[in-house]
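Note sheet for the following structure.
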């Protein structure tokens, strides 16, 4: 068994102000997404996208926060918030859902792209390959906070988490940081240019479809060793809510890819750039 490294979740304090590791992970993730999206826009000569990156990034941040919170309320603790509706706004108490945040980002991006006449699928291709960086950093933040730990186990690398009782548990946050962060980013970044080639069978939007499939698979597998949410437990057919939502992501990714193949968008012309 490995000792859990007790790290103060607060980096430093300035009076009532606290700067926490988890919040820093969000900031670093958004910064990485912005910089890498700009790099790709220049690499693929999409000038119009460069002009909109600042405002689009703000819309995506709002989508993550609103979608993540509402997703947690609806998917994971609806009955509680139905009785205590004002606590929906108490985000400092915790409670964010990745699946809700994903929906929020997709909707925010769709709204922005339609309003400013940007191609939605091409925009998704640029941004989605950067998402695993924020996911991986977020899981490291979960680990530092000692939350979202794994199920009880006797594997040699089990850890005793402060809030998990005096038993060894899977450090499932680190499993997710590796699969949803490092591995997923490496795969998506390696194939990011395929939809932009003139003679290629990968349609625009396929990076989003691939992300949905791979994240869904990785999250589904890790949920087998991650402690289920106490207010829900096992939801259906031995699966957790996270697994049900992840399966939905996989099926959505497959359907999206075949839909995009049938309505393949040609590469950008010089006038569109």
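All of the numbers you see were taken from the coordinates with simple rules; none came from a lab. Please read these numbers as outputs of a predicted model, since none were measured by experiment. Here the Cβ is made from the backbone with ideal geometry for all residues, glycine too, and neighbour counts use every protein chain on show.
Quick check: the distance between the Cα centres of the range 1-64 and the range 161-187, to the nearest angstrom?
Here the answer is 20 Å between Cα centres.
Note the angle between two axes, namely the Cα long axis of helix 47-76 and the longest principal axis of the Cα atoms of the chain, as a number of degrees from 0 to 90, rounded to the nearest 10.
Around 30 degrees separate the two axes.
For the chain, modelled as a Gaussian network with Cα springs under 10 Å, which listed residue fluctuates most, 257, 12, 218?
12
Computed from these coordinates, which is Cα extents along the principal axes in Å: (i) 101, 52, 32; (ii) 70, 45, 30; (iii) 63, 46, 39?
Derived directly from the coordinates: (iii).
Could you check which residue among 121, 157, 21 shows the biggest mean-square fluctuation in a GNM of the chain with a 10 Å Cα cutoff?
157
Could I have the simple spin-label model distance between residue 199 and residue 82, label points 7 Å from Cα toward Cβ, reported in nm to one decimal?
Label-label distance for residue 199 and residue 82, simple model: 5.9 nm.
For residue 263 and residue 182, what is the calculated FRET efficiency with R₀ set at 35 Å and r taken between the beta-carbons, to the nearest 0.05?
0.60
In degrees from 0 to 90, rounded to the nearest 10, what is the angle of the helix 131-145 Cα long axis to the longest principal axis of the chain?
Around 10 degrees separate the two axes.
Hey, what angle do you get for helix 21-43 against the long axis of the chain, alpha-carbon based, 0 to 90 degrees rounded to 10?
Between the helix axis and the principal axis of the chain, the angle is about 10 degrees.
By how many nm would the segment from residue 51 to residue 234 grow when fully extended, if each residue of separation counts as 0.36 nm and the alpha-carbon distance is taken off?
Difference between extended and current length: 61.2 nm.
Quick one: if you stick a label point 7 Å off each Cα along the C-beta vector at residue 190 and residue 90, how many nm between them?
According to this spin-label approximation, the distance is 4.6 nm.
Kindly rank 99-111, 34-46 from highest to lowest mean number of other beta carbons found within 10 Å of each residue.
99-111, 34-46
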